[in-house]
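Every read-out reported here was derived from the displayed coordinates using simple, explicitly stated rules and does not represent laboratory data. Nothing here was measured: the structure is a model prediction, and the numbers come from that model. FYI the Cβ positions are ideal-geometry reconstructions off the backbone, even for glycines, and counts take in every protein chain you see.
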Amino acid sequence: MNDETVSQSPNLSRRTLLKAGLATGVAAGAAGAAHAGGDPLITEVQDWNRYLGEGVQSRPYGTPSEFEAHVVRRDVEWLTASTESSVNFTPLQDLDGIITPNGLCFERHHGGIAEINPADHRLMINGLVDTPLVFTMEDLKRFPRENRVYFLECAANSGMEWRGSQLNGCQYTHGMVHCVMYTGVPLKLILEEAGIKTNGKWVMPEGADASAMTRSIPMEKALDDCLVAFKMNGEALRPEQGYPLRLVVPGWEGNMWVKWLRRIEVGDEPWHQREETSKYTDLLESGKARRFTWVMDAKSVVTNPSPQAPITHGKGPLVISGVAWSGNGRITRVDVSIDGGRNWKTARLDGPSLSKAMHRFYLDIDWDGSDLLIQSRAMDESGYFQPTKTELRAARGENSIYHNNGIQTWHVKADGTVENVEVS
Amino acid sequence: MSKFLKVLSLGVSLAALPVLAGGALAGDPDKGAKVFKKCAACHAVGENAKNKVGPQLNEVFGRAAGTLEDYKYSKAMISAGDDGLVWDDATLTTYLEKPRAMIKGTKMAFAGLKKEKDLENVIAYLATFSSSAPAAEEQQGSAEPEPAEGEVQTAEAASAPAPVSATRDGGVFGLGRVATEDEIAAWDIDVRPDGMGLPQGSGTVADGEVLYTDNCAVCHGDFGEGVGRWPVLAGGQDTLTDERPEKTIGSYWPYLSTVYDYVRRAMPYGNARSLSDDDVYAITAYLLYLNDIVEDEDFELSNENFTEIRLPNEENFIADDRAEEPHYADKGDPCMSDCKDSPVEITMHAQILDVTPGSVDDNDAAGMGGVD
């Protein structure tokens, strides 16, 4: 059958898959009506129904079904000069709920993935502290620990869209975000273990990777809700997410969540490191540049339908689904428009609603088969509403790169295909 | 006789090469894999290996120098190939020991492998990716292998479960141990705009030019203009309000300390922490020179005069004032119906219609906001 052929060929390009998917959608619909005797998948005994499958331990570390082989992170090669200092994207269009599976969390490295034996890893606290300390991983696991769910968004997420619609797919336009449950020790406990001197106003986490990533973080945030985490979604951090130890800086730009965390220095002034001067500063139209723009403002995107996830079922019931998040707390409401922002309906938020975590929304409609211009607009508990891209450009120009949380528009055509567009 | 052949007359004539190459390789490919980490920032091998800063090295054995079609070699490498240089055990050994001594003008910034064992091992490793290469010698004396330094440490760490967890007097939980001065000095190398953290030392523009050419120019260009998509380091003054601003050290970066700090901690890319403190002063001085911030080639930058240098764009950085943008003030219920006067028109379509990896033309796609 057509859909089996497609699913089992891992080498097919995504685009071929999409086209084929569209075709099978139609074929399957026709099949239901055409087989008077019934669907052979029901009337005939299938192999999986007759023969034994693999036993336990055939996959000691479980992996997704072979029919999900297309659900992977993807990169855009021309974005960066080398893969070791680059980024790939979470396949949002293939996911549901609010938790991102560990293997699908987007990656952003500045010097490749450091491979560190946890027995060889150390965390040093130094600078304006009473006692500079060194911790092993085992030491850290003797502190009281907490479990918290947070989104992590790269400040450059949607950065390629400042000048207009560029990339066709929410994986590429919005996929530098993920949301997992972290297990770790509050940074406050670790800093207090060393004793913060009264003039200690800033901390600087540092990574053990080949970029020795560093950022300045104000003490107030460090003592508020930051975690030194060693688990994600219950298992050890993945190497590409900073194994064995990373910093969690809830609601703030992903670059600050230093991976392979090996040192935290306490100081009285910020350090003005490369990633907070030359990068991760927001150039405005005036030529001025904002620095220390830490918070990720409220943002949302419709993940389905979207360019990589076209409508394959024709008109009738349609689930419009998407995700929303805010660095300022909980999402309290998401509105969805199907006419390019002229009229809005409040979507249904479903699943846990946690501060600085991803939220899932749905709008269930009866699609009449006509063109749609789908948008979503998130509101957080501070009362802030996601702005339009036009509003953002009016305030900042087109060269800010970072912090593009403007409303996204998808054009759904009558044949179910979807394109990234901007509207009047 | 061309230059490389003169260098090669370390006793090896071209005619003798194939014979020599026919013998088994002395190195250990597994150990070579470790050595290759020094090369991996610029060179790829194995399945799907592509050209990076340097050419991919699959099938390098038996390949004439400078002949991969889709890689842009230095003129020197191409003419070496034209003159008959073919890569094999002997030629690779000579080249990798001191690349610029053999091929003056090669783009490869790597200084060379000093240890003979490293050379043998990395060549044996490369040979595993070349079908025409001789096999590695059976490794003898496996009862008493000669472990590399790193391996000794790992072995000790594995056998002695020493520093698993420690407790001490003081603190809230009494966990961890006191960091030693040497440990802090080894990791705390950060430098602030006020000069805090600057090590003692100095370097001149002239010294910096040599170091920069050897270590930096392969990616950043001879004049800081950037090669391909690698960062541009110089120029771009007065472009920040242009449609395509050029953000460089001279045009954008607020503080010189960031240059020193970053080069010292993370550069050269793929070989971090390999420059001395004086080297970093010299390279920083040269970057000032490339940006016309100092004009004298004899200028010497040191911890004494460092904080006297100010970068031109320092004053143009402002605090996060997003909250003052009009749409932030717009709290309260937004419009829900008839929010626009007329039916909505599409004003822009995605420019890149097919972003499937591998299907985008790099050059056509370049020029948009990147994420470096």
Exercise. Where in the range B:166-185 is the amide nitrogen less than 16 Å from a point lying 7 Å along the Cα-to-Cβ axis of A:THR198?
Worked result: none
Seminar exercise, completed: Diffing the range A:170-179: the Karplus 3J(HN,Hα) column from phi (6.51, -1.76, 1.60, θ = phi - 60°), in whole Hz with x for Gly and Pro, holds 5, 4, 8, 7, 10, x, 8, 8, 8, 8
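If you take all C-alpha pairs in the protein assembly as shown, what percent of them are over 55 Å apart?
Numbers: 45436 of 316410 pairs.
The calculated P(r) of the protein assembly as shown puts 14 percent of pairs beyond 55 Å.
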Exercise. Among A:ASN88, A:ASN233, A:ASN343, which one shows the biggest mean-square fluctuation in a GNM of chain A, springs joining Cα atoms closer than 10 Å?
Worked result: A:ASN343
For this session: Please give the residues of the range A:198-223, grouped as numeric ranges, whose backbone N is less than 15 Å from a label point set 7 Å along the Cα-to-Cβ vector of B:ALA323.
Result: A:221
Exercise. At a Förster distance of 35 Å, what's the computed FRET efficiency of B:SER337 paired with B:ARG244, Cβ-Cβ distance as r, to 0.05?
Worked result: 0.30
Exercise. Between the range A:320-384 and the range A:194-214, how many Å separate their Cα centres?
Worked result: 38
For this session: Take the alpha-carbon centre of the range A:74-95, take the same for the range A:105-127, and report the distance between them in whole Å.
Result: 20
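Scan chain A and note any complete DSSP helix (H) whose C-alpha atoms cover at least 15 Å along its axis and whose Kyte-Doolittle average is 0.5 or more.
Values: long enough: A:14-34 (29 Å, 0.67).
Span-like helices in chain A: A:14-34.
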Exercise. Can you run phi through the Karplus equation (6.51, -1.76, 1.60; θ = phi - 60°) for the range A:378-388 and list ³J(HN,Hα) in whole Hz, with x for Gly and Pro?
Worked result: 9, 10, 10, 5, 7, x, 6, 10, 4, x, 7
Problem set entry | B:VAL210-B:SER165 FRET efficiency (beta carbon distance; Förster radius 45 Å; 0.05 resolution) | 0.40
Exercise. At a Förster radius of 41 Å, what calculated FRET efficiency corresponds to the Cβ-Cβ distance of B:ASP330 and B:LYS50, to the nearest 0.05?
Worked result: 0.30
Exercise. So what is the calculated 222 nm ellipticity per residue for the protein assembly as shown, using -39500 (n - 2.57) for each DSSP H run with n of 4 or more, over all residues, to the nearest 500 deg cm²/dmol?
Worked result: -6000 deg cm²/dmol
Exercise. In peptide A:259-268, what is the residue-averaged number of other protein chain Cβ atoms found within 10 Å of each Cβ?
Worked result: 2
Exercise. Residues with amide H under 5 Å of A:GLN408's amide H, sequence separation 5 or more or different chain, H placed in the peptide plane at 1.01 Å from N; which?
Worked result: A:SER376
Seminar exercise, completed: Mean other chain Cβ within 10 Å across B:329-339 is 4
Exercise. GNM, chain A, Cα, under 10 Å: largest mean-square fluctuation among A:PHE67, A:PHE135, A:PHE292?
Worked result: A:PHE67
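Can you give the mean number of other chain Cβ atoms that lie within 10 Å of the Cβ atoms in peptide A:73-79?
Values: counts 0, 3, 2, 8, 8, 13, 10.
Partner Cβ neighbours, averaged per residue: 6.
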Seminar exercise, completed: B:ALA40 and B:GLU116 label points (each 7 Å along its Cα→Cβ direction) are spaced in nm at 2.8
Exercise. Karplus couplings for the range A:107-113 from phi (6.51 cos²θ - 1.76 cosθ + 1.60, θ = phi - 60°), rounded to Hz, Gly and Pro as x?
Worked result: 10, 9, 10, 10, x, x, 8
Exercise. Using a basic spin-label model with each label point 7 Å from the Cα along Cα→Cβ, how many nm lie between B:SER132 and B:ASP182?
Worked result: 5.1
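How long are the three semi-axes of the equivalent ellipsoid of the range A:299-421, in whole Å, if each is the root of 5 times an eigenvalue of the C-alpha gyration tensor, listed from largest down? Present the calculation step by step, with values, prior to reporting the outcome.
On the way: eigenvalues 117, 66, 26 Å².
In descending order, the three semi-axes are 24, 18, 11 Å.
When the dipole is taken about the Cα centre of the range A:299-421, and only Lys, Arg (+1) and Asp, Glu (-1) are charged at their Cβ, what size is it in debye, to the nearest 20? Can you show the working numbers first?
Values: 14 positive and 13 negative charges, 79 e Å.
Once rounded to the nearest 20, the dipole reads 380 debye.
Anything over 18 Å Cα to Cα? Flag those among A:LYS231/B:LYS37; A:LYS279/B:LYS38; A:LYS288/A:LYS356; A:LYS231/A:LYS259, in the order listed.
Values: A:LYS231/B:LYS37 28 Å; A:LYS279/B:LYS38 27 Å; A:LYS288/A:LYS356 29 Å; A:LYS231/A:LYS259 12 Å.
With Cα atoms farther than 18 Å apart: A:LYS231/B:LYS37; A:LYS279/B:LYS38; A:LYS288/A:LYS356.
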Exercise. Label points 7 Å out from Cα along the Cβ direction at B:ALA101 and A:ASP224: separation in nm?
Worked result: 5.9
